[in-house]
1. Which of the GluC sites (Glu not before Pro) found in the stretch 166-197 are loop residues per DSSP with 15 or fewer other Cβ atoms within 10 Å of their Cβ?
2. Run down the aspartates and glutamates and flag those whose C-alpha is under 15 Å from the C-alpha of residue 38, throwing out any fewer than 8 positions away in its chain.
3. From the P(r) of the chain, can you give the percent of Cα pairs sitting at distances over 32 Å?
4. When only Cα pairs under 8 Å and 6 or more residues apart are kept, what is the percent relative contact order across the stretch 11-169?
5. Checking the cross-link filter: which lysines have an alpha carbon closer than 18 Å to that of residue 234, excluding same-chain neighbours under 8 positions apart?
6. Counting other beta carbons within 10 Å of each residue's own, what order do 135, 38 fall into, fewest first?
7. If you line up the long axis of helix 107-125 against the longest principal axis of the chain, both from Cα atoms, how many degrees apart are they, to the nearest 10?
8. Rounded to the nearest 20 debye, what is the charge dipole size of the chain about its Cα centre when +1 sits on each Lys and Arg Cβ and -1 on each Asp and Glu Cβ?
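Values in this text are rule-based calculations from the coordinates and carry no lab data. Predicted model only: the values in this text are computed from it and were never measured. Neighbour counts run over all protein chains shown; Cβ positions are idealised from the backbone, glycine included.
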Amino acid sequence: MNQTNVLSGAKPALDARSGALLFYSEFDDPQEWEEALKAELPDLDFRVYPEVGDPADIRYVLAWKPFPGFFAPFANLELVVNLGAGIDSLAGRADLPDVPIARLSDPGMVTLMRSYVLFSVIRYARDIPAFEEAKRLRQWRYIHPRPLHRIKVGVMGLGHLGAAAAAALAEAGFDVSGWDHAPKEIAGVRCYSNSERDSFLSEVEVLVNMLPLTAETRGLIDESVFAALPQDAKFVNASRGPVVDEPALIEALQSGHLGGATLDVFWTEPLPADHPFWEMDNVLITPHLASITVPETAARDVAESIRRVGAGREPLHLVNPRRGY
């Protein structure tokens, strides 16, 4: 960077030799991302799949769930940025070279996740499903509210988003506990780890799944987890579908042991029309939108990661695909 840029506060230029960034997503708006990134890196060569151009130009990829073989043509790849927090679609890929992988961690994503978890838990805490049923039946049904500090909420998975969700619940006044494989400390949250899982589950009235999808967590929330919860407990899944044993969840809901579920993610997405969840009155379904990336805020981190990699340093929010987070 030259002295003029430093003194003027201008954004650092992108080295012309740094190559192009390729964008791939079936859900995100490439134009919105291009505008946000070029506000940070005006000289960025931004390309949108399938308009790749010369594959040798591609040094950076910003993608969400790229298809098998996607990375194979890009021999000069230097950085992959995952368009989201969960990197399960990038783990164990034969086509992905040994390059740094970064996840997104923007304030907008965190805010949306906090709002989704708060909505889901408050809906149960304030008996909204019962009032929704009463309205359908044209019944005036009074249920005396419980103080929030008497309602026990548990969060499984205390990573970046899970910790933020647990903290938000505690700030809202709930009695909050959390469980993770590794010991954690969060203000206002009782934290459990490893073998303490059943002790954690035994007092939870609303269980929120925020675990990442890894080889160790696939199917982790199973029959034993649901059985350890108190009768009529509620379940919220805002992380990844395969973390949960869906047949076990269906059985727990049909038996009445679980009183309800709010589900944003599933084994198969979109959820098939003949799936049992559609017929269950005690299940609320949302189409994988608990948290999305906000380009205006996330682009700053993506641009900084590109600058860092260009300077031979690690990107922001570096992840380990073998570990899964």
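1. Taking the stretch 166-197 and a limit of 15 other Cβ atoms within 10 Å, the loop GluC sites (Glu not before Pro) found are 185.
2. Leaving aside aspartates and glutamates fewer than 8 places away in the same chain, those within reach of residue 38 are 15, 29, 296, 301, 304.
3. Counting every Cα pair in the chain, those more than 32 Å apart make up 37 percent.
4. It rounds to 16 percent for the stretch 11-169.
5. List returned: 152.
6. Lowest to highest Cβ neighbour count: 135, 38.
7. Rounded to the nearest ten degrees, it is 10.
8. 820 debye
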